[in-house]
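This report concerns only the one structure given below.
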Amino acid sequence: MAANTQVMTFPRGGVHPEGSKDRTQGMPIQVSEPPAEVAVLMAQHIGAIAAPVVKKKDRVRKGQLVGQAQGYISANVHAPVSGTVKAVETRTYSVTGMPVPAVIIENDGEDKWARELNEPQDVEGMDAPQMVELVHECGVVGLGGATFPAHVKLSPPAETPVTDVFINGAECEPYVTVDHRLMLECTEDVIDGLRLIMRIVKAPNGYVGIERNKPDAIEALSKALEQDSTIQVVPLEVKYPQGAEQQLITAVTGREVPSQGGLPSDVGCLVHNVATALAIRDAIRFRRPLIERAVTVTGDGLESAGNFIERIGTSIAAILERQGLREDANQLVLGGPMMGIAQGMVDVPLVKGNNAILVRCGAGVPPQRACIHCGRCVEHCPLGLSPGEMSIACERQEWDAAVALGMLECKECGCCAYVCPARRRIVHMIKFGKVELRRRRAKAQQSG
Amino acid sequence: MERQLLVSSSPHLRAPDDIRTIMWSVVVALAPAAAISIYFFGLHALAVYVVTIAAAEATELACLRLRGRPLAHAADGSAFITGMLLAMVLPPDVALYCPLVGAVFAIAIAKHAFGGLGCNVWNPALAARIFLQFAYPVQISLSKWPVPRMLWGAPVDAITMASPLAKEGAAARFSHLDLLFGNGVPGSIGETCKVALLIGGAFLILREVIDWRIPVAYVGTVFVLTWLLPTGEGAAPWAADPFYHVLAGGLIIGAFFMATDMVTTPFTRAGRVVFGVGCGVLVALIRRYGGYPEGVAYSIVIMNTFTPLIDRWVRPRVYGSRTPKPSVRQA
C-alpha cells in the first residue's frame with residue numbers, strides 16, 4: 001500500500017526538542033572490528049537475570065549459550081565472539097548501576113559460529129510456536145531500549161488477539177539514528193521481519209510508523225511496499241515521545257492502551273522496534289542469536305561520530321577511545337538524551353538495550369527552584385498525569401498520594417522535566433519514588 | 001580512567017524557557033501599556049513606577065537574604081512584575097508613600113511570608129492593592145480621578161472626574177473607541193489603554209506564557225452576564241452595555257496579566273476555564289448588585305483562594321483510564 005498521506009500523531013502532550021541527528025543520519029552503518037575481550041552481562045533485559053552456564057577456561061564458539069533464561073520473563077544470553085572464558089565475575093549493569101554476574105570471554109579471533117547456528121531455516125514449514133521458540137532461544141529482546149523479551153510479546157493471550165502489528169521507526173529521541181539507517185539499508189529485511197511477526201500472531205494489518213524527519217526512509221519503505229495491501233507506512237509528526245509504544249498505538253489507531261498495567265494486546269496491538277524486527281527475522285530465518293546490535297555513537301564530546309554494529313559486551317570505554325574522546329567531555333549517556341541513563345564511569349560493557357552512546361561536553365544540572373505552578377508539566381504529559389505534584393509527593397515520601405496521582409502509570413518519558421521552567425528534577429523524584437515504593441512493599445511483605 | 005562524569009537523571013535536555021525568560025517576557029508585554037500610561041498621566045506616574053519597582057526589588061533582596069535564599073533570585077523578574085503591576089493598578093495621583101508601603105507589603109507579606117515565588121496564595125500586586133485600599137481610603141479615592149492627557153480631541157476642562165464605572169454617572173461619557181484607546185478616560189495608571197494591554201496579552205499568548213483560556217473565559221463571562229443580568233431601577237445608561245463593561249475599568253489588565261499569574265491560578269486547562277468563569281461571575285455580580293463599581297481585584301483574589309480546590313477537582317483524564325481491560329471485563 002502506498003504511504004499514508006495523512007501525518008498522524010498522538011493527541012495530547014509531547015515536546016519538540018532539537019533533533020540533533022544531522023551529524024550521523026547520513027552515515028552508513030559500519031561493522032566494527034570485534035574486540036579482544038567481551039564482558040557479557042547476565043542482565044541484558046527486563047525480567048529475571050540469566051544464569052551463567054559456562055565456567056572459567058571453557059572454550060566457547062560464537063553464538064553459543066552462555067547464560068540461560070530464568071523463567072518466562074527472561075532471555076538467553078550468547079557468546080558474541082568465539083574464544084575462552086576468562087572469568088565469570090560481577091560487572092556493573094549500566095541500566096541499574098548494580099553489579100551483576102558477567103561472563104568474560106577472550107576473543108580467539110576465529111569468529112566461528114557454534115554448530116547449527118547461522119544457517120538458513122525451513123521457515124515455510126514452521127508453525128507459530130516453532131518460530132516463537134527460535135526467537136526465545138536466540139535471546140531477542142526489545143532493542144529500542146526497553147529490552148522486554150520478544151518471545152513474550154509474540155505470545156499474546158488467546159482472549160486478546162492481535163490485529164495490528166507496528167514496526168516502530170519513529171525514533172523520536174534526539175541524536176539517535178540507527179533505526180533510520182536500518183530502515184534505509186535493510187528495507188526488505190525490516191519488512192520481512194514485520195511479515196514474520198504478522199504471521200506469528202495472525203494479524204491482518206501491519207504498519208511502519210516513521211517520523212516525518214526521515215523522508216528517505218518513508219519513501220524507501222513505501223516503495224518496497226507498493227504491492228502490499230496489508231502493510232501501511234504511516235508518516236508521523238515529529239514530536240517526542242512519538243515512538244513510545246502507547247503514543248504510537250494511539251497516533252495510528254486512536255485506541256488507548258488501558259491504564260493500570262494494560263497491555264497493547266488488550267487493544268489488539270503489538271509494537272516492535274525496527275532493530276528488534278530485524279533480530280526476530282535473524283532468529284527465525286537463520287537461527288542467529290542476538291550477539292550484536294547497531295548503535296549510534298555521537299555527541300560533541302567525541303571527535304568522530306557514526307553508526308556502528310558492535311558486539312554485545314564490548315567495552316564502552318574502548319568505543320569512546322576509538323572515536324576520540326575529548327578532554328572536556330563530562331557526560332556519558334547510554335540511550336538518547338530524553339530517557340538514556342547517565343553513567344558514572346566509562347568502563348561499562350555494551351548491552352542489548354544500548355541504541356546510542358552519547359557523549360557531551362559542558363553538561364550540567366541547572367539549579368532547581370520552587371514549583372511556580374505553571375502547569376507545563378501537566379500540559380505536556382502525554383499520559384494526562386500531573387508530574388509536578390507527583391514528584392513533590394515523592395519528595396515528601398507520601399507514597400499513597402504519589403500512587404493516587406498516578407506515579408505507577410508514568411513511563412518516565414521526561415517531557416515534564418524538559419519543559420519545567422523551575423528546572424525541577426521531576427523524573428528523578430518519580431524514579432526514586434518507584435524504587436522506594438517497591439523496596440517498602442517488599443519489606444512489608446517480608447515482615448508481614 | 002580519571003574523569004569526572006556528570007551523573008543525573010534523565011532527561012538530559014531542558015527546554016530554553018526558564019523562570020527568568022518567562023518573567024521578563026511578562027515585563028516586555030507590560031511595557032507598551034506602561035509607556036502610554038506615562039504619556040497619559042505624566043511624570044508622577046513614572047515616579048510611582050520607580051517607587052514600586054525599586055521597593056519591590058529591595059524588599060525581595062531583603063527577604064531572600066533573611067530566608068537564606070540565593071540573592072540572584074531577585075533578578076528573575078518576578079518582583080519587577082509585582083512592582084510594575086502594583087503601579088499600574090494605583091490611582092495616578094497617589095501619594096508616593098502608598099506605593100512604597102504597598103510594594104513592601106506585596107513582596108514581604110503576600111509573597112515571602114507564604115514561602116516566596118511559587119508558594120503565595122494570592123497575586124501579590126492585587127493583595128497589596130486591596131491592602132492599600134483599606135489602609136489609605138482617603139489617599140486612594142475611588143470617586144475623583146485625574147484627567148489624562150488626550151490622544152485626540154479637545155482636552156476636558158477639569159482636574160478630576162468620576163470613574164467611567166461610577167454608578168452615579170448619569171450618562172455614558174465615553175465612546176467605545178475612547179475606552180479602547182484610553183483617550184481621555186480616567187482610571188488607574190496602567191489600566192486605561194486597552195489596545196496596549198491587548199498587544200501585550202497577545203504577545204504572551206503567542207509566546208505560550210499565558211493560557212488564552214483564562215482571559216477568554218473571564219472577559220466572555222463578564223460580557224454575557226452584564227448583557228443578560230437584569231439592571232435595577234435608576235441604573236446608569238451603560239449598565240446593560242456589555243462592551244462598556246469589558247472596556248471600562250480594570251477588566252482587561254486583570255484578565256490578561258493578573259488572572260493569568262501562573263502561581264496563583266489552576267494548572268489544568270479545564271481548571272483555568274473554571275477559574276476564568278468564576279472571576280467573571282464575581283465581577284458581574286459585584287458590578288450589578290454590589291456597592292462597589294469595579295470588582296476585578298476582588299474577583300481574582302477570591303478565585304486565587306479557590307485555586308487549590310479547583311486543582312483538586314478538575315484533573316486531566318489519565319491516558320487509558322477509560323479503556324476496559326479484558327481481564328477486568330471477564331471478572
Is it the case that residue B:114 is within 14 Å of another protein chain (Cβ to nearest Cβ) and farther than 21 Å from residue B:24 by Cβ? yes
Hey, among the residues in region A:376-416 that are away from chain B (no Cβ under 11 Å) and among the charged types (D, E, K, R), which one's surrounded by the most Cβ atoms within 10 Å (Cβ to Cβ)? A:395
At negative phi and either modelled with pLDDT of 95 or more or crowded, with 18+ Cβ neighbours inside 10 Å (or both), is that true of residue A:5? no
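In this structure, is residue A:371 more than 28 Å from residue A:274 (Cα to Cα) and not assigned by TED's automatic domain parsing to the domain that holds residue A:424? Give the derivation first.
Working: more than 28 Å from residue A:274 (Cα to Cα): yes; not assigned by TED's automatic domain parsing to the domain that holds residue A:424: yes.
So residue A:371 fits the description; yes.
Which residues, counting only those in region B:265-296, are of a type in the set (Phe, Trp, Tyr) and away from every other protein chain (no Cβ under 11 Å)? Steps first, answer last, please.
Taking region B:265-296 first, the residues of a type in the set (Phe, Trp, Tyr) are B:267, B:275, B:289, B:292.
Answer for region B:265-296, where residues must be of a type in the set (Phe, Trp, Tyr) and away from every other protein chain (no Cβ under 11 Å): B:275, B:289, B:292.
Out of the residues in region B:18-37 that are in contact (Cβ under 8 Å) with a residue 24 or more places away in the chain and facing another protein chain (nearest Cβ under 7 Å), which is nearest to residue A:94 (Cα to Cα)?
B:19
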Among the residues of region A:98-115, are any surrounded by 16 or more Cβ atoms within 10 Å (Cβ to Cβ), in a loop (DSSP other than H, G, I, E, B) and under 25 Å from the mean Cα position of the chain (by Cα)? no
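Do we have residue B:149 as in contact (Cβ under 8 Å) with a residue 40 or more places away in the chain and crowded, with 19+ Cβ neighbours inside 10 Å here? So that I can check it myself, show each step before the final result.
Numbers: in contact (Cβ under 8 Å) with a residue 40 or more places away in the chain: yes; crowded, with 19+ Cβ neighbours inside 10 Å: no.
When the stated conditions are applied, residue B:149 does not pass them.
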With respect to residue A:353, determine if the residue is free of Cβ contacts under 8 Å to residues at least 24 places away in the same chain and more than 10 Å from every other protein chain (Cβ to nearest Cβ). no
Could you check region A:391-448 and list, in sequence order, the residues that are within 21 Å of the chain's Cα centre (by Cα) and aromatic (Phe, Trp, Tyr)? A:418
Taking the stated definitions as given, is residue A:118 more than 15 Å from residue A:282 (Cα to Cα) and either within 22 Å of the chain's Cα centre (by Cα) or not acidic (Asp, Glu) (or both)? no
Out of (1) in contact (Cβ under 8 Å) with a residue 24 or more places away in the chain; (2) more than 21 Å from the chain's Cα centre (by Cα); (3) within 14 Å of chain A (Cβ to nearest Cβ); (4) part of a helix (DSSP H, G or I), what's the single condition that is false for residue B:69? (4)
What helices (runs of 4 or more DSSP H), lying completely within region B:187-304, carry at least 3 residues that are at pLDDT below 95 and of a type in the set (Asp, Glu)? none
Residues that are in contact with a Ser or Thr (Cβ under 9 Å, 6 or more places away or on another chain), part of a loop (DSSP other than H, G, I, E, B) and more than 7 Å from every other protein chain (Cβ to nearest Cβ), drawn from region A:320-344: A:324, A:335, A:336
Could you tell me whether region A:280-303 includes any residue that is within 30 Å of residue A:255 (Cα to Cα), in contact with a helix residue (DSSP H, G or I) (Cβ under 8 Å, 6 or more places away or on another chain), modelled with pLDDT of 95 or more and more than 14 Å from every other protein chain (Cβ to nearest Cβ)? yes
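Against the definition (in a loop (DSSP other than H, G, I, E, B) and surrounded by fewer than 22 Cβ atoms within 10 Å (Cβ to Cβ)), how does residue A:352 come out, yes or no?
Numbers: in a loop (DSSP other than H, G, I, E, B): yes; surrounded by fewer than 22 Cβ atoms within 10 Å (Cβ to Cβ): no.
Against the criterion (in a loop (DSSP other than H, G, I, E, B) and surrounded by fewer than 22 Cβ atoms within 10 Å (Cβ to Cβ)), residue A:352 does not qualify.
Which residues, counting only those in region A:417-448, are loosely packed, with under 14 Cβ neighbours inside 10 Å and in contact (Cβ under 8 Å) with a residue 40 or more places away in the chain? If you could, list the steps in order and put the result at the bottom.
Applying the first criterion (loosely packed, with under 14 Cβ neighbours inside 10 Å) to region A:417-448 yields A:435, A:438-448.
Hit for region A:417-448 is A:440, nothing else.
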Which ones in region A:58-96 are charged (D, E, K, R) and closer than 18 Å to residue A:109 by Cα? A:58, A:59, A:61, A:62, A:86
Of the conditions (1) touching a residue at least 60 places away in the same chain (Cβ under 8 Å); (2) within 11 Å of another protein chain (Cβ to nearest Cβ); (3) among the aliphatic types (A, V, I, L, M), residue A:271 clears all except one; give me its number. (2)
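Taking the stated definitions as given, is residue A:56 surrounded by fewer than 19 Cβ atoms within 10 Å (Cβ to Cβ), modelled with pLDDT of 95 or more and part of a loop (DSSP other than H, G, I, E, B)? Show your work before the answer.
On the way: surrounded by fewer than 19 Cβ atoms within 10 Å (Cβ to Cβ): yes; modelled with pLDDT of 95 or more: yes; part of a loop (DSSP other than H, G, I, E, B): yes.
Judged against the criteria, residue A:56 is a match.
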Here are the criteria: (1) in a loop (DSSP other than H, G, I, E, B); (2) more than 19 Å from residue A:28 (Cα to Cα); (3) touching a strand residue (DSSP E or B) at 6+ places or on another chain (Cβ under 7 Å). Tell me which single one residue A:229 does not satisfy. (3)
Please determine whether any residue of region A:233-240 is touching a His at 6+ places or on another chain (Cβ under 9 Å), modelled with pLDDT under 95 and part of a loop (DSSP other than H, G, I, E, B). no
Quick one: which of A:224, A:158 is within 14 Å of another protein chain (Cβ to nearest Cβ), over 21 Å from residue A:336 (Cβ atoms) and of a type in the set (Gly, Ala, Ser)? A:158
Of everything in region B:301-325 that's buried (at least 17 other Cβ atoms within 10 Å of the Cβ) and over 23 Å from residue A:389 (Cβ atoms), which residue is farthest from the other protein chains (Cβ to nearest Cβ)? B:301
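Considering only residues that are in a strand (DSSP E or B) and buried (at least 20 other Cβ atoms within 10 Å of the Cβ), which ones fall in region A:66-85?
Hits for region A:66-85 are A:66, A:67, A:74, A:77, A:78, A:83, A:85.
Give the residue that is farthest from the other protein chains (Cβ to nearest Cβ), with candidates limited to residues of region A:234-257 that are free of Cβ contacts under 8 Å to residues at least 40 places away in the same chain and surrounded by fewer than 22 Cβ atoms within 10 Å (Cβ to Cβ). Steps first, answer last, please.
So the first thing to find is which residues in region A:234-257 are free of Cβ contacts under 8 Å to residues at least 40 places away in the same chain, and the list is A:254-257.
Pick out the ones that are also surrounded by fewer than 22 Cβ atoms within 10 Å (Cβ to Cβ) and you get A:254-255.
Numbers: A:254: 11, A:255: 7 Å.
Here the residue is A:254.
The values are calculated or read from the model by the stated rules, or taken from the named source; none is laboratory data. Small disclaimer: the values here were computed from a predicted structure and weren't measured. Please note: Cβ atoms are built from the backbone with ideal geometry, for glycine as well, and neighbour counts cover all protein chains shown.
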